[in-house]
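**Q** My structure is below; once you've seen it, I'll send some questions.
The values are calculated or read from the model by the stated rules, or taken from the named source; none is laboratory data. All values derive from a computational prediction rather than experimental measurement. Note that each Cβ is placed from the backbone with ideal geometry, even for glycine, and that neighbours are counted across all protein chains shown. Heavy atoms of the whole protein, side chains included, go into the accessibility calculation; ligands, DNA and RNA do not. Shrake-Rupley method; radii C 1.70, N 1.55, O 1.52, S 1.80 Å.
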Amino acid sequence: MAEKQTLSTLSMHLYKFRDLTVEELTKVNMSYPNFRFSMDTYVFKDNSQKDLLNFTGTIPVNYQGNTYNIPIRLWILDSHPFAPPICFLKPTPNMGISLGKHVDAQGRIYLPYLQNWSHPKSVITGLIREMIIKFQEELPLYSLSSADEAQQVELLAYISKITQGISDINSKNQENKSVTKVTVVGGGELGIACVLAILAKGIADKVVLIDFSEGTKGGTMDMDIFELQNVEISKDLSASWNSRVVIITVNSLGNSQTYLDVVQSNVDMFRELVPALGHYSPQSVILVASQPVEIMTYAAWKLSAFPENRVIGIGCNLDSKRFQYILTNILKAQNSGKEVWIIGEQGEDKVPMWGSQEEAVAPNFQVQLSNRAMEILKVKGQRSWSVGLSVSDLVDSIINNKRKVHSVSVLAKGYYNINNEVFLSLPCILGDKGVSEIIKASSKEDLVTEKLQSSASSIHSLQNQLKL
């Protein structure tokens, strides 16, 4: 039976734009007649499943004078052509996967064409052309020796499940590991403030700014004009390759009507960005500055599949530093300042927490100090430049393994009788692996516990309404 007939007879009733999808895939089949189409079950990262149209075949790649037929498999989402395909290599048992900028250990393919997918200008034939070009630069497969084939068979069995978790396979990084690299995603005022603050501190050898804005809309034009040393500006997520810290500052600027719609728009952006960022820098610490920071940090954690210690939000670090300064330098409080943090949820529900060395301060006096300091703190806004300074403070502790205590958004489950997977700002020791320890309160504070549990409940309720 001809492939065109097979394609037309496949059960595609769940596809929202069936006619457009069939039309495009018919053109693909004309250009690449070796492709074979079928409907199979795709397993997503959260273990949910969906029957999706997919096709397999080979594409010709010329590498160092030889032509190689590279086997690939593309999964077509039910929202095609408005969403890009999910692309994998499909190696045979005698082929090994070359981990690189555009391919992870499970064979998933990452390309700028996928990241910038936009109907109607983006089409599958164009995607395949870019795939061929990128594979000509860096061949994604190699021939295994017979001794390695048994191990490869196990890997292929794992790939066949189409899961997208973290790989246990070790690979050699092709980029010089001695270069300390930080990536900032988002070319708005906050993103630029983060870049400038990191440069001012001299923390990183190289800072990459990923800016998706068109023309002169973004704030990176002036940075490009004046050619800041050690800064690379790019629209390609692969420029973030091998970063020590990845800072996400993007926020949706859509015309959403409700708060839930706004948050969902941000989550939708993260769904496109975070898996690719995790692929390009699998050992990085992800630092989230997008709002609402608690929910967006949760989304980044879920979408990256990173361990919880390596996904953190900026939380109440800025408020804590200001609170400590106010106590010590404005209110001139003795025995106070260093072991006091603002914790909980950013906004009105944040609360001060006193550490063990502050026990010498009488409880009533603590309350008076806290109230006075909080009143002063409330009039301080959070400008982009001040948040940028706070971000650079966190990056400094991570890059240089300073093991300083910061109040940042972390997974709060198991603390303060919180039983749900929510992120709240708690005092943590930060180092080169992210969070190494969460500092517990030395004494039971009912008001603190009550506020944290209330925040956790409202955040969890909103998370349940989101589509990750």
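**Q** Pairs 50/467; 321/404; 121/302; 350/413; 16/302; 16/121: which are spaced more than 21 Å apart, C-alpha to C-alpha?
**A** Pairs exceeding the cut-off: 121/302; 16/302.
**Q** Calculate I(q)/I(0) for segment 8-70 by the Debye formula, one identical point scatterer on each C-alpha and no solvent, and give its log10 at q = 0.17 Å⁻¹ to two decimals.
**A** Result of the Debye calculation: -0.74.
**Q** Assuming a ≥ b ≥ c are the square roots of the Cα gyration tensor eigenvalues, decide whether segment 230-299 counts as rounded (a/c under 1.5), prolate (otherwise, with a/b larger than b/c) or oblate.
**A** prolate
**Q** Let me ask something else about it. Return one whole number: the accessible area per residue of segment 1-143 in Å², for a 1.4 Å probe.
**A** 48
**Q** By how many nm would the segment from residue 92 to residue 41 lengthen if fully extended, with 0.36 nm per residue of separation less the alpha-carbon distance?
**A** Contour length minus the Cα-Cα distance gives 16.3 nm.
**Q** Hey, rough spin-label estimate for residue 130 and residue 235, points 7 angstrom out along Cα→Cβ, what's it come to in nanometres?
**A** If labels sit at residue 130 and residue 235, their model points lie 1.0 nm apart.
**Q** About its Cα centre, how strong a charge dipole does segment 1-143 have in debye, to the nearest 20, once Lys and Arg get +1 and Asp and Glu get -1 at the Cβ?
**A** That gives a dipole near 60 debye.
**Q** Considering only protein heavy atoms and a 1.4 Å probe, what is the carbon-and-sulfur percentage of the accessible area of segment 181-313?
**A** Ligands and nucleic acids excluded, carbon and sulfur give 51 percent.
**Q** Which distance in nm do the two modelled labels at residue 62 and residue 257 give, with both placed 7 Å along the Cα-to-Cβ direction?
**A** With each label placed 7 Å out from Cα toward Cβ, I get 5.5 nm.
**Q** Of all accessible surface on segment 1-143 at a 1.4 Å probe, what whole percent is carbon and sulfur?
**A** Here carbon and sulfur together make up 51 percent of the probe-accessible area.
**Q** Still on this structure, I have one more. What ranking do 26-34, 344-352 get when scored by the average of other Cβ atoms within 10 Å per residue, highest first?
**A** My ranking of the peptides, most packed first, is 344-352, 26-34.
**Q** Between segment 408-458 and segment 276-291, how far is it from one alpha carbon centroid to the other, in angstrom?
**A** 21
**Q** What ranking, highest mean first, results for peptides 203-212, 307-316, 428-437 when packing means the other Cβ atoms within 10 Å averaged over each residue?
**A** For the peptides 203-212, 307-316, 428-437, the packing ranking is 307-316, 203-212, 428-437.
**Q** Separate question: Please give the FRET efficiency for residue 137 paired with residue 268, using the beta carbon to beta carbon distance and R0 = 30 Å, rounded to the nearest 0.05.
**A** 0.45
**Q** Using a 7 Å offset from the Cα along the Cα-to-Cβ direction at both residue 201 and residue 30, what is the distance between the two label points in nm, to one decimal?
**A** With each label placed 7 Å out from Cα toward Cβ, I get 5.6 nm.
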